[in-house]
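J.: Take a look at this one; I'll ask things after.
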Amino acid sequence: MLGIGAWKQRMPQAAEALPGRAQSIQPDWPHHVHGRSLLPQAYPQSATVWLAMGCFWGAERLFWGLPGVLATAVGYAGGQTPNPTYREVCSGQTGHTETVQVVYDPKRISLQALLKVFWEGHDPTQGMRQGNDRGTQYRSAIHTSDATQLAIAEASAQQYQRELDQAGLPAITTEIALAGPFYYAEPEHQQYLSKNPQGYCGLGGTGVSCPLGITPV
């Protein structure tokens, strides 16, 4: 038998995952910070990447004000359960990360610049946790829209690993993969720290700088 909390420390197999539901959340409300749409399709010529850094409340705040970022939204990615709820994701029985959807103008901000914020904004070496937040939903992950983004993300991980090695820190555990389905989180979680400025944020980086200008090798 699994002990208390064991579901939170291992990825569930498909047969173990919660069944979820057919209905999805489609955000028809504006972004709480700047009032624009949360939906990528509202921004022609934009690009989208999904970045998981632990609790998505603080992670989203790192991106929504960056010049060139058009919209952010929080949700669930990388798991098995269709249209999960926050409670289900926190159970560890869906396999999802808490992730941030970042829609950006690639003419104004590069994916490399977004990844610099990603690497420096959390500790990507901690496996199924981030600080005191423990569970599969807190694992570090980059989910990309296409193979070009994927190559950039993989190259950035290699470069940042060299920086971590020089600092005597462990290996990166970040999951890097082409994106599967992204499920929007409930309205109360969107732009949470704009609505609740004194709310919880458990993010903390390694203190190791990530160099810009990373390109595929």
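The values are calculated or read from the model by the stated rules, or taken from the named source; none is laboratory data. The structure presented is a predicted model; accordingly, all values stated were derived computationally and were not measured. Cβ sites come from the backbone with ideal geometry, for glycine too, and all protein chains shown count toward neighbours.
J.: Inspect all residues belonging to segment 59-69 and state whether any of them is in a loop (DSSP other than H, G, I, E, B), surrounded by 14 or more Cβ atoms within 10 Å (Cβ to Cβ) and of a type in the set (D, E, K, R).
T.: No, the conditions are met nowhere in segment 59-69.
J.: Can you tell me which residue among Pro12, Pro44 is modelled with pLDDT of 95 or more, of a type outside the set (S, T, N, Q) and in a loop (DSSP other than H, G, I, E, B)?
T.: That would be Pro44, the only listed residue that is modelled with pLDDT of 95 or more, of a type outside the set (S, T, N, Q) and in a loop (DSSP other than H, G, I, E, B).
J.: Please pick out the residue among Thr99, Thr94, Thr85 that is under 18 Å from Glu186 (Cα atoms) and touching a His at 6+ places or on another chain (Cβ under 8 Å).
T.: Thr99
J.: Just need a number here: residues in segment 105-134 that are under 14 Å from the mean Cα position of the chain (by Cα), assigned to a loop (DSSP other than H, G, I, E, B) and buried (at least 19 other Cβ atoms within 10 Å of the Cβ).
T.: 3
J.: Collect the residues in segment 70-86 that are surrounded by fewer than 21 Cβ atoms within 10 Å (Cβ to Cβ) and in contact with a helix residue (DSSP H, G or I) (Cβ under 8 Å, 6 or more places away or on another chain), keeping them in residue-number order.
T.: Once the filter is applied, which keeps residues that are surrounded by fewer than 21 Cβ atoms within 10 Å (Cβ to Cβ) and in contact with a helix residue (DSSP H, G or I) (Cβ under 8 Å, 6 or more places away or on another chain), segment 70-86 yields only Tyr86.
J.: Give me the pairs, please: first residue somewhere in segment 177-206 and charged (D, E, K, R), second residue anywhere and at pLDDT 95 or above and in a loop (DSSP other than H, G, I, E, B), beta-carbon distance under 6 Å, and either six or more positions apart or on two chains.
T.: Cβ pairs passing all conditions: Lys195/His32.
J.: Another one. Output the qualifying pairs, or none if there are none: Cβ atoms under 6 angstrom, residues six or more apart or on different chains, first residue in segment 138-149 and at pLDDT 95 or above, second residue among the basic types (Lys, Arg) and in a helix (DSSP H, G or I).
T.: Pairs found: none.
J.: May I pose another question? Is there a residue being farther than 23 Å from Tyr200 by Cβ, at pLDDT 95 or above and in contact with a strand residue (DSSP E or B) (Cβ under 7 Å, 6 or more places away or on another chain) anywhere in segment 78-98?
T.: Within segment 78-98 (the criterion being farther than 23 Å from Tyr200 by Cβ, at pLDDT 95 or above and in contact with a strand residue (DSSP E or B) (Cβ under 7 Å, 6 or more places away or on another chain)), the answer is yes, since at least one residue qualifies.
J.: Under the condition of being of a type outside the set (A, V, I, L, M, F, W, C) and surrounded by 11 or more Cβ atoms within 10 Å (Cβ to Cβ), which residue from segment 6-18 is nearest to Gln137 (Cα to Cα)?
T.: Step one: of segment 6-18, the residues of a type outside the set (A, V, I, L, M, F, W, C) are 8-10, 12-13, 16.
Going one step further and asking which of them are surrounded by 11 or more Cβ atoms within 10 Å (Cβ to Cβ), we end up with 8-10, 12, 16.
Details: Lys8: 8, Gln9: 9, Arg10: 10, Pro12: 12, Glu16: 16 Å.
Selected residue: Lys8.
J.: Can you tell me which residues in segment 159-217 are more than 22 Å from Thr72 (Cα to Cα), among the hydroxyl-bearing types (Ser, Thr, Tyr) and not in a loop (DSSP other than H, G, I, E, B)?
T.: If the condition is that a residue be more than 22 Å from Thr72 (Cα to Cα), among the hydroxyl-bearing types (Ser, Thr, Tyr) and not in a loop (DSSP other than H, G, I, E, B), then Tyr160 is the only one that fits.
J.: When you scan segment 166-217, how many residues do you find that are closer than 24 Å to Val33 by Cβ and exposed (fewer than 11 other Cβ atoms within 10 Å of the Cβ)?
T.: 3
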